[in-house]
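Input: a single structure, listed below in structure tokens.
Taken together, the values in this text are just the output of simple stated rules run on the coordinates, not laboratory data. Note that this is a predicted model, so its numbers are computed, not measured. Cβ placement follows ideal geometry from the backbone for every residue including glycine, while neighbour counts extend to all protein chains displayed.
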Amino acid sequence: MSVVTPSTPSVPARVDVVLPCLDEAAALPWVLARIPAGWRALVVDNGSTDGSADIARSLGATVVHEPLRGFGAACHAGLSAATADVVCFCDCDASLDPGLLVPFVREVLDGEADLVLGRRRARGPGAWPAHARAGNFALARMLRRRTGVRLHDLGPLRAARREPLLALGLSDRRSGYPLQMVVRAADAGWRIAEHDVPYLPRTGTSKVTGTWLGTWHAVRDMSRVLAEPPAGRRAVR
């Protein structure tokens, strides 16, 4: 298992980074300062009331407004607004450094993988609560049984090509979106890679995994995704 660092040289051009955002005013300056030069930050405002959209815009980000609440809704709005060949995803709470995405993108562009994910490694107390780690571990095991893909984490830091991502027909608009991306990519025969990344204590209050209730909702959403039949047996709507 390799460990990536934000100092990786040779930054690829023409990359969009989707940053789902709900009241992340305090974290935005740190996150946006770490977007690699030449890449575009797509901050998807999901109903913030703390001025996040204005702060993001003032710092040079492109702001996309998504009124439908939900992590998946924000992620998919960003994917739909993206125009670059390669699209990345990163949380907007300063728990993950978007600079870590550089080698992920290089791996996609070099044809070594179709989807690259970050395996979170907690740095500092409170970075990843025990109940959230337990839920993630259980889902990773369920994913392995469902698809055969051996991942340790279903984290939000990831990179892939835009057109194939859109072709997956992702439909979850809540917490199941990241898992649905992996499940459908696996069903489509994608090569999926995973690399260790440092996971820092987030800035502000978590909307999902910071509480038992939030974690339960996330696990429920993701369990529903795992119950989807493989692509060949999925009902056509």
Within 10 Å of each candidate Cβ there may be at most 12 other Cβ atoms; applying that plus a DSSP loop requirement, which trypsin sites (Lys or Arg not before Pro) in segment 143-196 survive? Arg150
Using R₀ = 41 Å, calculate the FRET efficiency as 1/(1 + (r/R₀)^6) where r is the Cβ-Cβ separation of Leu59 and Arg121; round to 0.05. 0.90
Return, ordered by residue number, the residues of segment 156-191 whose backbone nitrogen is under 12 Å from a label point located 7 Å along Cα→Cβ of Ser10. none
With x for Gly and Pro, the residue-by-residue ³J(HN,Hα) of segment 143-151, computed from phi through the Karplus equation 6.51 cos²θ - 1.76 cosθ + 1.60 at θ = phi - 60° and given in whole Hz, is 4, 4, 5, 6, 10, x, 7, 9, 10
Can you compute the modelled spin-label distance between Arg220 and Glu112, with each label point 7 Å from Cα toward Cβ, in nm? 4.1 nm
Local electrostatic count at Glu66 - Lys and Arg +1, Asp and Glu -1, tallied over other residues with Cβ under 11 Å: +1
Compare Thr203, Thr49, Thr62 in a GNM of the chain, Cα atoms joined below 10 Å, and give the one with the largest fluctuation. Thr49
Most mobile of Val87, Val44, Val11 per a Gaussian network model of the chain (Cα springs, under 10 Å)? Val11
Over the alpha-carbon set of segment 1-105, divide Rg by the Kirkwood Rh and report the Rg/Rh ratio to two decimals. 0.95
